[in-house]
Amino acid sequence: MEPMPRRWWEGPFDVERLAWSAVTAARDAAGELAVARGLDLAIDTTPELVAASFAAVDHLRVDGRAPAAWAELSGFVAARDGWVRLHGNYPHHAAVIRSVLGIEDRAALERESARRDAAEIEERITAAGGIAMAVRTREEWQRHPQSRAMADIPWAEVTDRGERPALGRIGGVSAAGGEVAVGRGPVSPGLLRGVRVLDLTRVIAGPTGSQLLAALGADVLRIDPPHRPEILDQHLSTGMGKRSAAVDLRENSEQVRTLAAGADVVLDGYRPGALAAHGLGTEDLEVLAPTAVLVSLSAWGEIGPWGNRPGFDSIVQAATGIADTCGADGRPGALPVQALDHATGHFLAAQVLTALARSRAATIHLSLLGAARTLLEAPKPPAERAAELAVPLVATTSGALRLDAVPPPLRIDGSTLELPVGVYAASPLAWKDEVS
């Protein structure tokens with residue numbers, strides 16, 4: 001067995017093991033696909049790449065500017081009887097917090113929250129369509145109905161729907177020029193050449209997985225709603241190799257259904273059931289794209305009382321006892337990186353690559369809660385001082401923007417997989433090989 005890399009983060013959890021296992025699962029699946037396609041490639045990773053990629057948005061520089069990681073109303077706030085974690089990075093979620101609590105700024109938020117119980121804040125903001133979570137201990141979470149409902153559900157639950165057409169062998173052919181290679185051949189992202197990926201995911205986990213697929217050569221078309229655009233820095237930190245389009249499914253769902261019918265892979269990262277209203281739910285897609293690899297990504301899983309509830313990495317940390325365990329001096333804390341998101345994204349890519357390598361149509365369900373449970377159940381990290389690792393940045397672009405960014409955490413024949421980031425919402429609603 002491959003030895004575990006040295007420790008590079010501080011904290012009470014073995015985040016390194018979670019990160020390394022997810023990325024190496026993707027590495028191994030990519031290797032299996034390379035063999036299936038007749039490609040002789042050395043695919044590997046390094047602790048430096050893994051560690052940096054799990055903090056991709058923190059390391060990103062856009063024309064020299066560092067992104068703002070958290071909005072004013074995001075983060076922990078003290079309640080009368082405990083703590084609450086709020087997520088207000090998106091304007092529509094921040095608007096709910098302001099409306100429910102009758103506040104405008106951070107100072108008013110802290111004053112108003114101190115007058116209310118944590119459970120009340122969670123319930124009222126959640127009921128109004130916002131994102132809030134009372135900070136729970138591990139023991140409290142273990143007693144929670146959602147924890148019990150998901151106790152036996154694996155991090156990735158895979159249903160095999162039968163055979164799909166094999167991708168075909170492309171051994172000795174470079175993705176760039178189609179030239180016959182000697183030996184290992186040129187470094188190129190051609191492993192997924194010819195694969196179409198419809199990316200209906202947001203925030204970090206899904207886009208992280210689809211970025212890796214794009215970096216390996218897939219045509220990844222990400223679609224976002226124009227009335228709720230993605231935060232630009234998040235798009236830039238997870239968008240290498242992808243194309244981006246803005247589509248209102250309330251008006252153009254048939255166009256997206258047509259795209260889905262021609263896709264090899266469809267990724268759904270919205271709240272469970274949300275896309276079913278537009279004929280793009282998992283059951284719809286199984287009929288529409290019977291040989292595609294389908295992924296449904298959720299925060300809490302798709303059963304239990306929270307089976308249709310949205311969530312984010314930080315919110316899952318707060319619910320499950322991770323934030324409480326990471327805390328100090330009476331205040332909750334957080335993992336050193338948004339590891340639930342990034343690990344789930346790379347584990348997602350691993351599942352997709354495996355299905356494609358084995359020519360299987362599969363429906364894959366993953367959750368951030370599965371990553372949290374994996375972390376909580378892991379042994380404690382080694383008692384070592386965290387090593388300071390170099391940050392492997394690459395220079396790329398997104399239209400006129402100059403980016404310094406961390407590439408996806410795999411290498412082919414010793415080279416990283418950096419690509420330009422598609423300009424947000426600038427791509428046509430068509431597959432690349434259909435664009436004249």
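The values are calculated or read from the model by the stated rules, or taken from the named source; none is laboratory data. Since we're looking at a predicted model, the values are computed, not measured. Methodologically, a virtual Cβ is constructed for each residue, glycine included, from the backbone with ideal geometry; neighbour enumeration extends over all protein chains shown. Ligands, DNA and RNA are stripped out before the accessible areas are found, and what is left, the full protein with its side chains, is counted by its heavy atoms. Shrake-Rupley method; radii C 1.70, N 1.55, O 1.52, S 1.80 Å.
What's the center-to-center distance, using Cα atoms, between the range 44-75 and the range 85-137 in Å?
If we compute the Cα centre of each part, the gap is 26 Å.
Kindly report, to the nearest 10 Å², the accessible surface of residue 160 as traced by a 1.4 Å probe over protein heavy atoms only.
Spelled out: residue 160, probe radius 1.4 Å, area about 90 Å².
Run the numbers for residue 430 and residue 383: contour at 0.36 nm per residue of separation, minus the present Cα-Cα distance, in nm. Walk me through the numbers on the way to the answer.
Values: separation 47, 0.36 × 47 = 16.92 nm, distance 5.17 nm.
Stretched out fully, the residue 430 to residue 383 stretch lengthens by 11.8 nm.
Tell me the relative contact order for the chain as a rounded percent, counting alpha carbon contacts under 8 Å between residues six or more apart. Show your work: numbers first, answer last.
Details: 959 pairs, mean separation 119.0, N = 436.
With pairs under 8 Å counted, the relative contact order is 27 percent.
Taking θ as phi - 60°, what are the ³J(HN,Hα) couplings along the range 260-277 by the Karplus curve (6.51, -1.76, 1.60), each to the nearest whole Hz, with x for Gly and Pro?
After applying 6.51 cos²θ - 1.76 cosθ + 1.60, I find 4, 5, x, 8, 8, 9, 10, 10, 10, x, 7, 3, x, x, 5, 7, 4, 5 Hz.
Could you work out how far apart the two model spin labels at residue 232 and residue 169 are, taking each label as a point 7 Å from the Cα in the direction of the beta carbon, and quote it in nm?
So the label points at residue 232 and residue 169 sit 4.8 nm apart.
Please list 404, 233 from largest to smallest accessible area, probe radius 1.4 Å, with all protein chains kept in place.
Details: 404 45, 233 25 Å².
I get 404, 233, largest accessible area first.
With Rg and Dmax of the Cα atoms in Å defined as stated, name the option among (1) 21.2, 71; (2) 20.8, 67; (3) 22.3, 73 computed from the structure displayed.
Correct label, based on the coordinates given: (1).
Please identify every one of the GluC sites (Glu not before Pro) in the range 73-131 that sits in a loop by DSSP and has no more than 16 other beta carbons within 10 Å of its own beta carbon. Write out the running numbers ahead of the final one.
Numbers: sites: 104, 110, 112, 120, 122, 123; in loops: 104.
Of the GluC sites (Glu not before Pro), the ones in loops of the range 73-131 whose Cβ has at most 16 other Cβ atoms within 10 Å are 104.
Long-range amide H contacts for residue 326: which residues qualify at under 5 Å (H placed 1.01 Å from N, peptide plane, sequence gap of 5 or more or a different chain)?
For residue 326, whose amide H was placed from the backbone, the distant partners under 5 Å are 333.
Return one number: the angle in degrees, 0 to 90 and rounded to the nearest 10, between the long axis of the Cα atoms of helix 205-215 and the longest principal axis of the Cα atoms of the chain.
20
Report, to the nearest 10°, how far helix 118-127 tilts away from the longest principal axis of the Cα atoms in the chain, using its own Cα long axis and a range of 0 to 90°.
That helix lies at roughly 50 degrees to the long axis.
What is the percent of Cα-Cα separations in the range 8-136 that go past 16 Å? All intermediate terms of the calculation are to be shown ahead of the outcome.
On the way: 5911 of 8256 pairs.
Every Cα pair in the range 8-136 considered, those over 16 Å come to 72 percent.
As a test of understanding, state the convex hull volume per residue of the range 278-402 from its alpha carbons, in Å³.
Here the figure is 221 Å³ per residue.
For residue 120 paired with residue 391, estimate the spin-label separation in nm (one decimal), with each label point 7 Å from Cα along the Cα-to-Cβ line.
The answer from the label model is 4.2 nm.
Tabulate in residue order the Karplus-calculated ³J(HN,Hα) for the range 304-314, using 6.51 cos²θ - 1.76 cosθ + 1.60 with θ = phi - 60°, rounded to whole Hz; enter x for Gly and Pro.
Computed from phi, the couplings for the range 304-314 are x, x, 9, x, 10, 8, x, x, 10, 3, 4 Hz.
Once fully extended, how much extra length lies between residue 105 and residue 415, figured as 0.36 nm per residue of separation less the alpha-carbon to alpha-carbon distance?
Values: separation 310, 0.36 × 310 = 111.60 nm, distance 4.63 nm.
Additional length available on full extension: 107.0 nm.
Within the chain, what whole-number % of the accessible surface is contributed by carbon and sulfur, with the 1.4 Å probe and all protein chains included in the calculation?
Working: 8890 of 17740 Å².
Here it works out to 50 percent.
Counting each DSSP H run of 4 or more residues in the chain as -39500 (n - 2.57), what helix-only mean residue ellipticity at 222 nm follows after dividing by all residues, to the nearest 500 deg cm²/dmol?
Values: 16 runs with 151 residues, N = 436.
Rounded to the nearest 500, the figure is -10000 deg cm²/dmol.
Find out how many positive minus negative residues lie around residue 395, taking Lys and Arg as positive, Asp and Glu as negative, among other residues whose Cβ is under 9 Å from that of residue 395. Let's see the in-between values first.
Numbers: positive: 402; negative: 404, 418.
Charge balance near residue 395 sits at -1.
Could you tell me how many degrees, from 0 to 90 and to the nearest 10, lie between the Cα long axis of helix 91-101 and the main elongation axis, the longest principal axis, of the Cα atoms of the chain?
Relative to the chain, helix 91-101 is tipped by roughly 10 degrees.
Could you order peptides 209-219, 77-87 by the average number of other Cβ atoms within 10 Å of their residues, highest first?
Per-residue mean Cβ counts within 10 Å order the peptides as 209-219, 77-87.
Charges only on Cβ, +1 for Lys and Arg, -1 for Asp and Glu: so what's the dipole of the range 201-300 about the Cα centre, in debye to the nearest 20?
Values: 8 positive and 12 negative charges, 47 e Å.
Around 220 debye, computed over the range 201-300.
Per residue, how large is the accessible surface of the range 89-143? Use a 1.4 angstrom probe and give square angstrom.
On the way: 2720 Å² over 55 residues.
With the other protein chains kept in place, the range 89-143 gives 49 Å² per residue.
Roughly how many Å² is the accessible area per residue of the range 210-345, as a whole number, for a 1.4 Å probe?
Details: 4310 Å² over 136 residues.
Roughly 32 Å² per residue, with all protein chains present.
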